[in-house]
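Here is the structure we will look at.
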Amino acid sequence: MPLRSMTGFAQVKGEVQREPRRAIGTAATNGRLAFSLSLKSVNHRFLDIHFRLPSGTDSLEMQLRRALKDAVARGHVEVTLSLERSSGDSFALNHELVAGYIAAFRAAASEFSLAADPDLNAVLRIPGALESANDAADGEIEAAVMAKAGEALTRLNQMREEEGRGIERELRQRMAHLLEAGRSVQQHRRAVLQNYSERLQSRIQELIGTIVDKERVLQEAALLVDRSDIQEELVRLENHVQHFLGLLDEGGEVGKKLDFLLQEMNRESNTLLSKTSGLAGEALKITEAGLAMKAEIEKSREQVQNLE
């Protein structure tokens, strides 16, 4: 599976096939019920799905959630379904709901001895108080939407894969720059190590006359020089880069693994810089290369954190 960005958008439209119902006091109409299903995804640590659906579509939410889990591994996904009624639709009063509200209103007014009448405007704003005479059954809406959901998910993943290809190209370029900086450091490593050793020897010569155990001082100096070598960091850094490129070749859901490798690379570059701090001459070139490494790693992390 190719690399995917967690950023994408898709929208599909369709119509619900329905039989018109007659509203009280009106003739049967043939109004249509169209819908628009939108999927929008952005980066997130896990799969986080938010729905914006019309009321009464709870079972549709469960079906869409299952379909999304099968098609998307990670990201914050917003699912929006909007219904578009034709101008020919007529509306009917939900007598049962309205009657229940008015009865409850009058019972409360009587209990508390209040002189008040129900407000019709408030009553009609109750969800479900007005029903379209041509509303499709819940099953008809679900079937029509789910028939289009697969197309929406395909479009979403196509966009995510296209974004992923762009991120992959940039990451490969960043890794090439990182390896180039590593080679630059390697070229100056021996000269810097020799410079460090000479400075240390010069300082020891100044102090050695006052110290009894000269052999011990020389051993400690040799150990200090060895610890100041950056070869180990360079080797580990190159290994991390090769592992990183291997994961890019592998594809799929590798965003978290790539992010972890970049954290390791950043740790090696920090150690490299700390070992060469305070040295002049060619060591300054290593510092410049080390800072370039950190810049490439940070830019790579910005991109990786948007990969699935």
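We did not get these values from a lab; they are worked out from the coordinates using the rules stated. None of the values given here were measured: they were computed from a predicted structure.
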What's the center-to-center distance, using Cα atoms, between the stretch 229-308 and the stretch 53-80 in Å?
38 Å
Quick one: what are the phi-derived ³J(HN,Hα) couplings along the stretch 265-276, Karplus 6.51/-1.76/1.60 with θ = phi - 60°, whole Hz, x for glycine and proline?
4, 5, 5, 5, 5, 5, 5, 4, 5, 5, 6, 10
Counting sequence-distant residues (5 or more places) and residues on other chains, those with an amide H built under 5 Å from that of Leu47 are Gly75
Those lysines that a straight Cα-Cα span of less than 28 Å connects to Lys257, excepting residues fewer than 8 apart in one chain
Lys40, Lys69, Lys275, Lys294, Lys299
Counting only C-alpha contacts under 8 Å and six or more residues apart, can you give the relative contact order of the stretch 91-132 as a whole percent?
65 percent
